[in-house]
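Written out below as structure tokens is the structure these notes cover.
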Amino acid sequence: MDDGIESNSCYNHIVYSNRPIEKGIFDDFSCVIKLHGDVSEMLTYEDAKSEIFTQKQYISSLKSNASLLGKLQHDAIYQNLIFIGCSLNDEIDLLAYSSENGVNAAKYFCTIKNPSTLEKYKYESYGITHCIVFDSYDQIYEYLYEVGQEAGKISINDLEEYKKFMITRLADDYESNKAYLFLRV
């Protein structure tokens, strides 16, 4: 389950935590960020560095993971984020950037159980804007794959249409705007 995204999508370049990252990596590749570790890496390498499970590891990672956390801070403000398969329990690194005000950015939390009222409050503290409950983790990946396929059908030319909207500036006075404000159909 730890490799569901990179095994089934174009996001197959893995960026591990606790290592310096190349500046252009996110421009050159479609990446999956393994912020708190990757099971395959931990099982394969004796010197695996991506594991972040304990509070001590979280605190240590704030320094060793600075370049990746800088990317996360930027994305928390300007990108839509999807959290899959994480508990969001005492994740100091994520909590530090959750209060950043996004530019209409959404943060999705995908889970397989209905969150309690307390969990919903916790998700809000992480800046989660949408909590989506699925029947299984497989269903999460299948849904995201389908959504990705649909999004891929939108061409740049289709988006150009939205750049042509005419904007009409209304006068500042109430009388001029009354008809607009109290439109009767």
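Since every read-out is calculated from the coordinates, none of them should be taken as a lab result. Given the structure is predicted, the values throughout are model-derived calculations rather than measurements. Note: ideal-geometry Cβ built from the backbone for every residue, glycine included; neighbour counts use all protein chains shown.
What to note about this one:
- Shown here are the Rg and Dmax of the Cα trace of the chain, at 20.9, 74 Å.
- Charge dipole magnitude, Cβ of K and R +1, D and E -1 - the stretch 1-69, Cα centre, debye nearest 20: 400
- Cα gyration tensor shape for the stretch 44-140, rounded if a/c is under 1.5, else prolate or oblate: oblate
- Across the chain, Cα pairs under 8 Å and at least six residues apart give a relative contact order of 14 percent.
- Cα-centred dipole magnitude for the chain, charges only on beta-carbon of K, R (+1) and D, E (-1), debye, nearest 20: 660
- Residues Leu95, Leu35, Leu69, Leu118, sorted so that the one with the fewest Cβ neighbours within 10 Å comes first: Leu118, Leu95, Leu69, Leu35
- Once the Cα-Cα distance is subtracted from the 0.36 nm per residue extended length, the Glu146 to Lys56 segment shows a gain of 28.5 nm.
- Global geometry of the stretch 1-87, whether rounded, prolate or oblate, following the gyration tensor of its Cα atoms and the 1.5 cut on a/c: rounded
- Rounded to 10°, Cα long-axis angle of helix 55-64 versus longest principal axis of the chain: 70
- Close Lys pairs in the chain (alpha-carbon distance under 18 Å; sequence gap of 8 or more, or different chains): 13.
- Take the Cβ atoms of Asp3 and Glu161, set R0 to 30 Å, and the FRET efficiency comes out at 0.20.
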